[in-house]
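A.B. asks: Let me give you the structure first, and then I'll get to my questions.
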Amino acid sequence: MTEIDPESAAGDRCLFDTHAHLCDPAFDGDRGEVLERARAAGVESIIAVGETLQDARANLALAHDYPWIIRPAAGLFPTILDLDQAESLAQWIRRHVEELIAIGEVGLDHWKVEEPEDREIQRQVFERFVELAMELDLPLNVHSRSAGAPAIELLLQCGARRVQLHAFDGRAAKAQPAIEAGFFLSVPPSVVRSRQKQKLVRQVPLQNLLLETDSPVLGREPGERNEPANLGLSLQAVAELKGVHREAVVEAVRDNSLRLYGEALLGGARHRSESTSGN
């Protein structure tokens, strides 16, 4: 693909990074500068996903420190096969629901989890969070590595409607039921080097695409620290792969992001309405 300058690719229109790990220790030395670079590159808001209860607490603290750009989420990474941890995190999410923009990342991972009994526990944990998201009316930010079809099947069986499939690694045919259900698939900067993701972008309708970085991973080069300022790489790649103007992609993915996450993307914390904020 064409060599892309992430800053010029972002342009002067604001974008949303819908999946990044901002509490990762990779950012401990320069997190503030990372966020400033993101804003300078056209990133208006970043959804900070988590993998543990510790991450959830850290994301909430970061959102308080950087309310102008961070939108906190909470989730349990699917390789953590612990129903007690899942319940503890679910209870924490209930207590902090008004401050969270999403539940994530959660999901299935059949690349690392291979044993049938372990996959059954993983499925139970994921189902618990899907049901919680529906109960609390929070979007789901979903991991589905080597498990796209079963993850989508579970989501559909549970009746989930507000779903982002982050860095989907399957074929477009596997994603078709999700597309028909109105789910969204997000594109990381690694699309510039991944034939699978390039093919996926070509085939998935623009109205079902979002942008993400998955910082600090899934950058332009393997092993290189990725950061939200690189969101322009995803933007430009989608434009090239779709054969449309960059501005059309900006408009589409911005609208898609707001349809999924709502006005909470534009503010600091998640505020539903005056009638429910005190519950």
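Each reported figure results from applying straightforward, stated rules to the coordinates on display, with no laboratory input. The structure presented is a predicted model; accordingly, all values stated were derived computationally and were not measured. Ideal geometry is used to build each Cβ from the backbone, glycine not excepted, and the neighbour counts take in all protein chains shown.
A.B. asks: Among P25, G148, M134, which residue has its Cα positioned farthest towards the positive end of the charge dipole of segment 12-265, with +1 placed on the Cβ of Lys and Arg, -1 on the Cβ of Asp and Glu, and the dipole taken about the Cα centre?
C.D. replies: The listed residue farthest towards the positive side: G148.
A.B. asks: Let me have the relative contact order for the chain, percent, based on Cα pairs under 8 Å that are six or more residues apart. Before the final figure, lay out the partial values.
C.D. replies: Numbers: 579 pairs, mean separation 63.5, N = 279.
Reported relative contact order: 23 percent.
A.B. asks: Enumerate lysine pairs in segment 12-265 that are 8 or more residues apart or on different chains, then count those whose Cα atoms are under 19 Å apart.
C.D. replies: Numbers: K174/K197; K174/K199; K197/K242; K199/K242.
Value for segment 12-265: 4.
A.B. asks: Counting other C-beta atoms within 10 Å, and keeping those with at most 16, which DSSP coil trypsin sites (Lys or Arg not before Pro) do you find in segment 125-161? Spell out each step's value before the answer.
C.D. replies: Numbers: sites: R128, R145, R161; in loops: R145, R161.
Answer by residue number: R161.
A.B. asks: Longest span of the chain, sites excluded, free of chymotrypsin sites (Phe, Trp or Tyr not before Pro) in DSSP loop with at most 16 other C-beta atoms within 10 Å? All intermediate terms of the calculation are to be shown ahead of the outcome.
C.D. replies: Details: sites that count: W68, W111.
Answer from the scan: 112-279.
A.B. asks: With runs of 4+ DSSP H residues as the only contributors, calculate the mean residue ellipticity of the chain at 222 nm using -39,500 (n - 2.57) per run, divided by the residue total and rounded to the nearest 500.
C.D. replies: Values: 10 runs with 119 residues, N = 279.
Result for the chain: -13000 deg cm²/dmol, rounded to the nearest 500.
A.B. asks: Each residue of segment 100-115 in turn: what ³J(HN,Hα) in whole Hz from Karplus with 6.51, -1.76, 1.60 and θ = phi - 60°, glycine and Pro shown as x?
C.D. replies: Karplus values, whole Hz, x for Gly and Pro: 9, 9, 6, 9, x, 9, 9, x, 10, 9, 9, 7, 8, 9, 10, 6.
A.B. asks: Would you please give the residues with an amide H less than 5 Å from that of L210, counting only those at least 5 places away or on a separate chain, with H modeled from the backbone geometry?
C.D. replies: Sorted by chain and number, the residues that satisfy this are L185, S186, V187.
A.B. asks: Convert each backbone phi in segment 58-68 into a coupling constant with the Karplus relation 6.51 cos²θ - 1.76 cosθ + 1.60 (shift: θ = phi - 60°), then list the ³J(HN,Hα) values in order as whole Hz, x for Gly and Pro.
C.D. replies: So the J values, rounded to whole Hz, are 5, 5, 5, 5, 5, 5, 6, 6, 10, x, 7.
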